[in-house]
Protein chains: 2
Amino acid sequence: MPPVYAALVHYPVLDRAGRVIAAALTNLDLHDLARLGRTYGLAGIFVVTPLSDQQEFAHRIVGHWTTGPGADCNPDRRTAMQLVQVVGTIADAAAAVAAREGRRPHLTASGARAQPGALRPAAWRDRCGSSPQLLLFGTAWGLAPEVFAAADHAVEPIAGAAGYNHLSVRCAAAILIDRLLGPPG
Amino acid sequence: MPPVYAALVHYPVLDRAGRVIAAALTNLDLHDLARLGRTYGLAGIFVVTPLSDQQEFAHRIVGHWTTGPGADCNPDRRTAMQLVQVVGTIADAAAAVAAREGRRPHLTASGARAQPGALRPAAWRDRCGSSPQLLLFGTAWGLAPEVFAAADHAVEPIAGAAGYNHLSVRCAAAILIDRLLGPPG
């Protein structure tokens, strides 16, 4: 596989009523995504938020575990949190990948709703080729339609029993990363 | 598949130093497990803690979303939280399953460390037969060895890249439930 990055997107996402918002950060989301990223060998995790106070909050969390008191107390968490970079937009995340890898990444959007042309895991892996990959996970009620429109790919939602499909972004990201990058079932 | 239940176990689990402790509840763990349970069609979710103040805390969370202000505000969360039952011990959870299903469940332990005889997902499904199943997930640093010793089965840990394997219980439960009960990869 080529290098794979993930972005935890707080804007543009939807609220309960389908309006585009900037969602607030959840501390545990950063921890869970960083630990997932380290476990599955991701090349980096982006926390995407345009709000300066939220960026500051993310920097405080990451700093605590990478250079602050948490770094000595929990080295496993340090190596996970070292993957995390805070950026303002999805475009900034893509630009950071391009700067590091020398190639623009493919963007893959994920969400709970069916999307035209959404790929199953095996088809997604076939499309990766040698390009770096950037997986986009939406907080709140999911990525805004404009993110799906601008992405190179979408992946199939996680099918629920009896049509229920309301996972946390933490659990949805875990399942999708395992399906895309984990061992064959 | 027969009915499958899951338990989020707070005792007996290990702390960082390998001592057996009762871990504190994390609010988001209850939400994430309930939503996972509803999405994958689990028959019930047990929150296992012997501490009465922690049981009270769990009842307050579940009550808020099933009969309190959260129930009307978020019906999807209500149907997930309705799966959750608070019990004092793993044995109490198994007894509750036996009372409901008319048969003692098979207990399956999970964790980050390799266990002798641990099953891959397909082998686990083969062993289920028609017995109800109870999946055990440990908080803190994972289920105590006595839980593995008493369980009918263990499932293989989630293999990490370069030996790193420090997922949150939320993400580990999501990945394992998807591997055991999700669609074939």
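The values are calculated or read from the model by the stated rules, or taken from the named source; none is laboratory data. All values reported here derive from a predicted model rather than from experimental measurement. Here the Cβ positions follow ideal geometry from the backbone for every residue, glycine too, while neighbour counts run over all protein chains shown.
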> Quick one: which of B:Arg125, B:Arg113 is charged (D, E, K, R), outside any strand (DSSP E or B) and under 17 Å from B:Ile177 (Cβ atoms)?
Replying inline: B:Arg125
> Quick check: is even one residue across the range A:45-59 part of a helix (DSSP H, G or I), surrounded by 18 or more Cβ atoms within 10 Å (Cβ to Cβ), of a type outside the set (Phe, Trp, Tyr) and touching a helix residue (DSSP H, G or I) at 6+ places or on another chain (Cβ under 7 Å)?
Replying inline: yes
>> Checking the condition more than 14 Å from chain A (Cβ to nearest Cβ), within 22 Å of B:Arg35 (Cα to Cα) and touching a strand residue (DSSP E or B) at 6+ places or on another chain (Cβ under 9 Å), which residue from B:Leu181, B:Leu134 passes?
In response: B:Leu134
> Would you pick out the residues in the range B:164-178 that are within 7 Å of chain A (Cβ to nearest Cβ) and not charged (D, E, K, R)?
Replying inline: B:Tyr164, B:Asn165, B:His166, B:Leu167, B:Ser168, B:Cys171, B:Ala174, B:Ile175
> How about the range A:140-185: which of its residues are among the aliphatic types (A, V, I, L, M), over 24 Å from A:Ala24 (Cα atoms) and surrounded by fewer than 17 Cβ atoms within 10 Å (Cβ to Cβ)?
Replying inline: A:Ala159, A:Ala161, A:Ala162
> Any idea which residue in the range B:1-12 is farthest from B:Ala122 (Cα to Cα), counting only those that are within 14 Å of chain A (Cβ to nearest Cβ) and assigned to a loop (DSSP other than H, G, I, E, B)?
Replying inline: B:Pro3
> Of B:Asp15, B:Asp32, which residue is away from chain A (no Cβ under 11 Å), in contact (Cβ under 8 Å) with a residue 40 or more places away in the chain and of a type in the set (Asp, Glu)?
Replying inline: B:Asp15
> What number of residues in the range A:11-37 are in contact with a Phe, Trp or Tyr (Cβ under 7 Å, 6 or more places away or on another chain), modelled with pLDDT of 95 or more and charged (D, E, K, R)?
Replying inline: 1
> Does B:Ser110 satisfy the condition of being among the polar types (S, T, N, Q), in contact with a Gly (Cβ under 8 Å, 6 or more places away or on another chain) and either within 14 Å of chain A (Cβ to nearest Cβ) or within 30 Å of A:Val155 (Cβ to Cβ) (or both)?
Replying inline: yes
